[in-house]
Amino acid sequence: MIFLLLITLAFLLLRIQDELNDHPVAQTVTASCPSCEKEIELDWMVCPHCLQRLRENCLVCQQRKLISHRFCPSCGSGAAEVVT
Ligand SMILES: [Zn+2]
Ligand SMILES: [Zn+2]
């Protein structure tokens with residue numbers, strides 16, 4: 001009987017481990033701030049460390065782009081305005 005209990009326990013432990021492995025820690029896409037070089041997330045508008053703007057609007061297609069990108073990744077234009 002104890003043997004059966006041990007098998008059940010081992011099975012339960014395996015199940016728990018499986019469930020833990022099913023949920024890997026969510027990865028955030030990070031980059032470094034062009035001004036202070038601290039870690040920032042790519043969807044942030046402003047660096048929380050030094051208040052450097054990280055994104056601007058493309059003047060041609062109005063898509064937001066990273067300030068560190070010289071050319072718009074959507075249309076290839078080099079013209080951009082600072083988001084206010
Ligand atoms: Zn910064
Ligand atoms: Zn564009």
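The values are calculated or read from the model by the stated rules, or taken from the named source; none is laboratory data. Since this is a predicted model, take the numbers as computed values, not measurements. When we count neighbours, we look across all protein chains shown, and the Cβ atoms used for this are built from the backbone with ideal geometry, even at glycine.
The one condition from (1) outside any strand (DSSP E or B); (2) within 15 Å of ligand 2 (Cβ to nearest atom); (3) surrounded by 12 or more Cβ atoms within 10 Å (Cβ to Cβ); (4) not hydrophobic (A, V, I, L, M, F, W, C) that H49 does not meet is (2).
For Q52, are the conditions met, namely being within 19 Å of the chain's Cα centre (by Cα) and not charged (D, E, K, R)? It would help to see each step written out before you state the result.
Details: within 19 Å of the chain's Cα centre (by Cα): yes; not charged (D, E, K, R): yes.
Yes.
Would you pick out the residues in the stretch 55-84 that are modelled with pLDDT under 90 and assigned to a loop (DSSP other than H, G, I, E, B)? Selection gives I67, S68, H69, R70, G78, A79, V83, T84. Here is the figure for the stretch 29-46: residues that are over 18 Å from A80 (Cβ atoms), part of a loop (DSSP other than H, G, I, E, B) and not hydrophobic (A, V, I, L, M, F, W, C) total 2. Given the condition at pLDDT 85 or above, within 20 Å of K65 (Cβ to Cβ) and not in a helix (DSSP H, G or I), answer yes or no: does some residue in the stretch 9-28 qualify? No.
The set of residues from the stretch 43-56 being in contact with a Lys or Arg (Cβ under 6 Å, 6 or more places away or on another chain) and in contact (Cβ under 8 Å) with a residue 24 or more places away in the chain comprises M45, R55.
For the stretch 39-74, the tally of residues that are within 13 Å of ligand 1 (Cβ to nearest atom) and in contact with a Ser or Thr (Cβ under 7 Å, 6 or more places away or on another chain) stands at 6.
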